[in-house]
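Structure record follows, encoded as structure tokens.
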Amino acid sequence: MSDPQSENIAPGLPAAPGGQFSATPPAASGGEHGHAGPSFQMYMYVFFALCVCTGLSFVINRIFGENNHTGAAIIMAVAVVKATLVAAIFMHLKFDWGKLYCIILPVCVVTVMMVIILSIDAALAWHAYPESAVPMIVQK
């Protein structure tokens, strides 16, 4: 078993002298890793995959016709695959998920809280302003 001081327990953080971990990323400290984004080859793979998915959508539309729910469902599934590829690679979400997670989680929590608060307010507003309530239809 090796010495625990010499092991790099936190991957991505290089061990500094004395067994302490440095907060400087390997790229900034002259390490072997460059940036953590996609390469040009990855961009080209995604581009060709998007082209194939677009062609597949046209072929499905031609086979099933315009007013067919099965064809529309397949085309929507292909659109979801295309959107996932664009978001993951071109928008760097695959590589920056930790940062994005810290932004999206509080926004989702605040959104749920706003929906609850505003729905209670909308449900009870007719008590405060009865003249703005929906008028009843009087039958003759």
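No lab work stands behind these numbers, since they all come straight from the coordinates. Keep in mind that this is a model prediction, so the values were computed, not measured. In this analysis, Cβ positions are derived from the backbone assuming ideal geometry, glycine residues included, and neighbour counts consider all displayed protein chains.
Looking only at residues in the stretch 85-110 that are more than 18 Å from residue 39 (Cα to Cα) and under 10 Å from the mean Cα position of the chain (by Cα), which one is surrounded by the most Cβ atoms within 10 Å (Cβ to Cβ)? Before you say what the answer is, go through the steps one by one.
Here is the first cut: in the stretch 85-110, the ones more than 18 Å from residue 39 (Cα to Cα) are 98-110.
Next, only the ones that are under 10 Å from the mean Cα position of the chain (by Cα) stay: 100-101, 104.
Working: 100: 14, 101: 10, 104: 11.
Restricting to residues being more than 18 Å from residue 39 (Cα to Cα) and under 10 Å from the mean Cα position of the chain (by Cα), the top hit is 100.
Starting from the stretch 71-97, keep only residues that are in contact (Cβ under 8 Å) with a residue 12 or more places away in the chain and farther than 14 Å from residue 52 by Cβ, then list their pairs with residues that are not in a helix (DSSP H, G or I) and not charged (D, E, K, R) whose Cβ atoms are within a distance under 6 Å, requiring at least 6 positions of separation or different chains.
The qualifying pairs are 89/38; 92/37; 95/36; 95/37.
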